[in-house]
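Encoded as structure tokens, the structure appears first; notes follow it.
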Amino acid sequence: MCTWLGVRDCFNGRVRKLVLEHSNLTGSLDSKILNRLDQLRVLSFKGNSLSGEIPNLSALVNLKSIFLNENNFSGEFPASVAFLHRVKVIVLSQNHISGDIPASLLNLRRLYVLYLQDNAFTGRIPGFNQSSLRYLNVSNNRLSGEIPVSSALIRFNASSFWGNPGLCGEQIEEACKNGSLAPSTSPSYPLIPRTMGKSSTSSLNRTKLI
């Protein structure tokens, strides 16, 4: 198993990093096969043509980083991810994922990166409050409602949210219909990149493939 294509880290015969990027892969992911890799820390299939729903990953209890961006995945956000309590990095951008961003993601107390841009998510943005959250992008979806002014979300400016005409709130300086927008008294924060292109994803992979 340690000599398989894409295996980047193997310890005592157990795969810890599986990275198959830009490999012209098609078809769907098989949960029965993936869930046998219970020591997996990093899972990356970015930049392929994989389709269908993202499967149940609940057995990957050691998973820390998930890169499934730049594919053709559809369906809803994989609910099983919210139960992987060691996860720090979730990158599902540039797919066709729809439905709500689940509030159960608030259970991920180590969450550091959440990139969901360029999908078809609807509904409201959960009130993320993890102090660990440093990178967030939900731009170019179909989200609506007021952006929560939580301890985590107040760090991000409009670049993390634009491309969602139904959103309003302090972070994007857009008044909500149910009231006026009060002047912000929050400290300024550095600009969060709008999208995660090839150069920035490569950088993230080098620094955050834990």
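The values are calculated or read from the model by the stated rules, or taken from the named source; none is laboratory data. Everything numeric here is computed off the predicted structure, so don't read it as measured data. Glycine gets a Cβ as well: all are built from the backbone with ideal geometry, and neighbour counts include every protein chain shown.
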Margin query: Cβ contacts < 9 Å: first residue surrounded by fewer than 18 Cβ atoms within 10 Å (Cβ to Cβ), restricted to region 129-141; second residue in a strand (DSSP E or B), any location; separation 6+ or different chain. Result?
Written below: ARG134/VAL113
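Only one residue in SER131, SER150 is closer than 29 Å to LYS17 by Cα, among the small types (Gly, Ala, Ser) and modelled with pLDDT of 95 or more. Which one?
On the way: SER150 fails: closer than 29 Å to LYS17 by Cα.
Result of the check over SER131, SER150: SER131.
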Notebook entry, point to check: So SER51 fits all but one of (1) touching a Phe, Trp or Tyr at 6+ places or on another chain (Cβ under 8 Å); (2) in a loop (DSSP other than H, G, I, E, B); (3) farther than 22 Å from LEU136 by Cα; what number is the exception?
Noted result: (2)
